[in-house]
Each structure stands twice: as C-alpha cells, then as structure tokens.
Amino acid sequence: MLARIGHELYWLGRYVSRAEHTSRMLEGVFAADLQGRPDDPVGVNLSWGPVMAIMGAEWDGRRVAAADALQRLMLEPTQDASVVACVRRARESAKALRDVVPQDMWEAINTLSLELMAVSPDALLHDPSKAFRAVRERCTLFWGLVGRTMLRDEASAFLAAGERLEGASVLLRMLRVVLPAGDVRTGDDGESDGQAHALLRAVGGEQAFRRAAAGPPDTPHVARFLLFERDYPNAVAAHVASVLEAIDQADVASRSSPPVLRLSRLAADLDFHRRSLAFADRNVLVEQSVVIQGELDAVDRDISERYFAGALRPTAFSVA
C-alpha cells in the first residue's frame with residue numbers, strides 16, 4: 001500500500017472517531033447539566049468550558065454558556081475541534097479514497113455531512129439531541145460498514161488504528177479533567193457523583209460499569225474502569241489492544257516494528273496497573289493518564305515515521 005493511502009485512511013479513522021466522541025461528550029455534559037442542581041459542586045469539572053479545552057478549542061477559563069459551547073463544538077466550520085469540521089475533513093479523505101473505501105461507507109459520511117449542514121444554530125439550541133443522535137448513528141453505521149464491507153487488509157487496519165488511537169486520546173484528556181487534585185464530595189449511599197455520571201454518559205458506559213465494576217459509581221472507580229477494563233471496548237486498555245492488533249496485522253515485519261513494540265509494552269503495563277492500582281487515589285490516576293497519553297503520542301510518531309514516510313498530522317487537527 002502507498003504511504004499516502006495509508007496516511008489518508010489513518011486520519012479518516014481519527015476524524016470520524018473524534019467527531020463521534022465529541023458529540024457523545026457534549027451529549028453527556030448536556031444531560032448532566034440538565035439534571036444537576038445549582039448548589040451541587042460535584043459536576044463542575046466536566047462542564048462546558050473544560051470540554052472545550054479537552055477538544056482543543058480556545059477557552060480562557062471563564063464560565064461558558066451551553067449555547068456557546070454547543071455552537072462552537074458542533075456547527076462552527078472554522079473551529080478545528082468542531083464536529084462539523086471533523087466530518088468535513090473525513091468526507092474529503094473518504095472522497096480521495098473512493099477506490100479503497102466501499103460505496104456504503106462513503107455514503108454514510110457524505111450523508112452525515114449533509115445532515116449537519118442542514119442543522120441551524122437555532123434548531124441545535126432548541127433540541128441538540130437530534131444532532132447528537134445523527135452523529136452517533138451515522139458514525140456507528142460507518143464503523144459497522146467497516147467491519148462488514150471492507151477487506152481485512154492493510155487498509156482496514158490503518159483505519160482501525162486511527163479510530164482506536166483517537167478514542168484513547170480523547171478519553172485520557174477527559175480523565176485528566178474530571179480527576180481533580182483534591183477530594184470532591186460524592187453522592188450519598190453509593191450514588192454517582194455528577195462528573196462520574198457525565199463521564200460514563202459521554203462514553204456510553206453506564207450499563208457496562210454497573211455490570212462489571214466492583215465499587216461505587218464515583219469518579220475514581222469510574223476512572224479506573226475506563227483506564228484498565230480491557231473487556232469494555234471504550235476503555236483505554238481496550239483501545240490500546242485494538243491499535244496493537246491492527247498495526248501488527250498491517251506490518252509484515254511486526255516483530256521489529258517500533259510502534260508494535262511500544263504498544264506491546266503499554267498493553268502489558270496497563271494489564272499490570274489494573275491489579276496494582278485497584279485502590280489508587282485521584283492523583284495517581286491523573287499521573288497514569290499523563291504517562292499513557294505520552295506513550296500514545298510516541299506511538300503516533302512511530303506510526304508516521306514507519307508507515308507514512310514521516311508525514312505529519314494534518315495542521316488543522318488539534319491535539320490537546
């Protein structure tokens with residue numbers, strides 16, 4: 001496969017993944033914002049301003065209104081971190097890959113782009129759930145078509161690697177926001193605190209956490225679940241394992257591949273930390289999130305140097 005084609009596929013996966021995760025995150029914060037109480041401080045860490053910072057949008061630290069955040073992160077085409085900007089770049093990449101990407105996948109992205117163009121700011125503010133649902137369903141359809149219509153070769157491997165690496169990166173940035181340095185009051189009688197609920201809602205993990213986690217639904221337990229629970233597909237450990245599998249499949253000399261070796265070490269470390277950090281506090285989890293993010297940034301550089309002739313990430317793609 002040409003390095004140019006692999007590069008486009010890798011970033012197509014990242015674009016679609018970022019659009020989906022941004023929409024899910026906004027939906028989770030929107031739901032938490034509606035359900036929160038003015039005198040309840042537990043939901044403040046995952047609010048509109050920090051969400052903008054997570055996604056690389058400009059934020060001066062002041063309070064951000066829901067209307068402003070939704071407009072900028074959903075529909076603003078000049079905002080690199082917005083859903084519509086990611087979908088447009090995904091559409092451009094898919095259009096350039098028409099001989100590699102099946103027709104149904106192209107139609108899913110093209111239809112989503114047209115649907116977002118038809119959403120007015122007033123309609124978004126009146127009922128953002130329609131836009132959230134459109135992004136979620138079209139992205140889910142896109143990834144379902146990847147599994148059902150693409151040949152399982154280097155093309156699908158690079159696409160999957162981009163998707164899962166972006167998913168892990170977004171989740172790590174979320175965790176670094178919702179894990180404060182000090183103690184934060186949680187709900188009584190095992191109830192979820194506000195930021196833990198918003199975090200689970202943002203990744204679609206509420207039911208999975210209830211079934212698998214051993215502990216109350218507070219922020220530290222949710223963070224450990226989303227970092228180390230390999231059986232949950234949206235956890236960091238599961239993302240890392242999937243990237244490793246994809247790159248190992250794409251590389252004919254994987255035993256000497258720097259990204260494969262780095263990912264193998266990281267996957268082993270995450271499996272070890274799943275047991276050793278079972279009772280870790282917030283500060284330790286924040287430190288681990290920073291370390292893991294650094295390793296994933298190194299994996300991104302390794303992938304670029306080995307497979308894409310050192311091609312840099314697109315300048316419009318912001319990584320916080």
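Around the Cα centre of the chain, unit charges on the Cβ atoms of Lys, Arg, Asp and Glu (plus for the first two, minus for the last two) sum to a dipole of about 500 debye.
Mean residue ellipticity, 222 nm, helices only, the chain: the sum of -39500 (n - 2.57) across DSSP H runs of n ≥ 4, divided by residue count and rounded to 500, is -22000 deg cm²/dmol. Sorting 60, 68, 302 by the number of Cβ atoms found within 10 Å of their own Cβ, with the fewest placed first, yields 60, 68, 302. As a proxy for reagent exposure, ranking 269, 300 by other Cβ atoms within 10 Å from fewest up yields 269, 300. For the chain, the equivalent ellipsoid derived from the alpha-carbon gyration tensor has semi-axes of 30, 25, 16 Å in decreasing order.
Every read-out reported here was derived from the displayed coordinates using simple, explicitly stated rules and does not represent laboratory data. This structure is a prediction, so every number in the text was calculated from the model and none was measured. Because the Cβ atoms are built from the backbone with ideal geometry, glycine has one as well, and the counts that use them run over all protein chains shown.
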